[in-house]
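Report on one structure; see the data block that follows.
Laboratory data are not the source of any read-out in this text; all were calculated from the coordinates shown. In this text, all values refer to a predicted model and were calculated from it rather than measured experimentally. Here Cβ is always computed from backbone atoms with ideal geometry, including for glycine, and neighbour counts include all displayed protein chains.
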């Protein structure tokens, strides 16, 4: 494990010998590193173009998307259609009997009848009994 | 608490400063120059999109390399690309061809052979080992930074690196 610790202490680019990696391996790693760096090297124009492409992508994400006129007109047409449909449905409804009006009329008739009576309906039995008593008294 | 979030205006500088490193990292991991180019752009766009999540615990380079590694991982996992890599396992590494070196032709030959031995050993490493190897020996990152970038324990990073170095050492020994 001591060797592993030594290896981890210094990368291939370090000039130390006591790192657990032989000089040959260290040299190979250094060469490999150089080869990878060289392979990814590109002319200045490449980086410039890539930079521009990235910045265009970033700007696209920064600016809010433009409202499309087609979408706008479509939405307006849909609203108009919905309104027309609503009014059409409203007008084409079948007439329903006016139950409320009928019940009011019945109530008025009841009230008039009650007013015409000399005594309240609830006291009708008592009135009837009183009449009976009066008739019996007259017969005597 | 200090706000470490990245402002949109800072991003241009970040792109200029880090694009080479990110491209190199992606080229090494995906081994396809066109894909590396596209993924480099995607890396910066993703970083920009998630810039609010950057809290400053790590530096920008670590954060960008982490995004690049994740992108490369997703890319490599894609079946389509895996299929093509299986068809042409070595052709795709053309992008990493060894450049010409100045010393004598014999020395060039020896160096090239050694580098090729390292490269073929690295190609056989697992994705994680290859990434640790890249960050350590190509990008010269300290182990702690590698652990942070890859979101791994330090011990795990050491283990991966130890295995990678063993594999490379063994390949170089055989190559001699």
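Two decimals is fine: what's Rg over Rh for the stretch A:99-140, C-alpha atoms, Kirkwood radius as Rh?
Radius of gyration over Kirkwood radius for the stretch A:99-140 works out to 1.30.
Round to the nearest 0.05 the FRET efficiency obtained for residue A:118 and residue A:139 when R0 = 25 Å and r is the Cβ-Cβ distance.
So the FRET efficiency works out to roughly 0.60.
What ranking, highest mean first, results for peptides A:105-111, B:66-72 when packing means the other Cβ atoms within 10 Å averaged over each residue? Could the numbers behind the result be given before it?
Numbers: A:105-111: 9.9, B:66-72: 21.6.
Put in order of decreasing packing, that is B:66-72, A:105-111.
Under the 0.36 nm per residue contour assumption, what length would be gained going from the current alpha-carbon distance of residue A:55 and residue A:127 to full extension?
Details: separation 72, 0.36 × 72 = 25.92 nm, distance 10.31 nm.
Fully extending the segment from residue A:55 to residue A:127 adds 15.6 nm.
Hey, can you rank A:77-90, B:146-159 by average C-beta count inside 10 Å, highest first?
B:146-159, A:77-90
If I take R0 = 51 Å and measure r between the Cβ atoms of residue B:52 and residue B:123 in this structure, what FRET efficiency does the formula 1/(1 + (r/R0)^6) give, to the nearest 0.05?
The computed FRET efficiency comes out at 0.85.
Rank-order B:16-23, A:27-34 by packing density, defined as the average count of other C-beta atoms within 10 Å over each peptide's residues, highest first.
Working: B:16-23: 18.9, A:27-34: 21.5.
Highest-to-lowest ranking by the protection proxy: A:27-34, B:16-23.
Could you check the simple spin-label distance between residue B:77 and residue B:173, using points 7 Å along Cα→Cβ, in nm with one decimal?
3.6
Per residue of B:162-171, what is the mean number of Cβ atoms on other protein chains within 10 angstrom of that residue's Cβ?
Rounded to a whole number, the mean comes out at 3.
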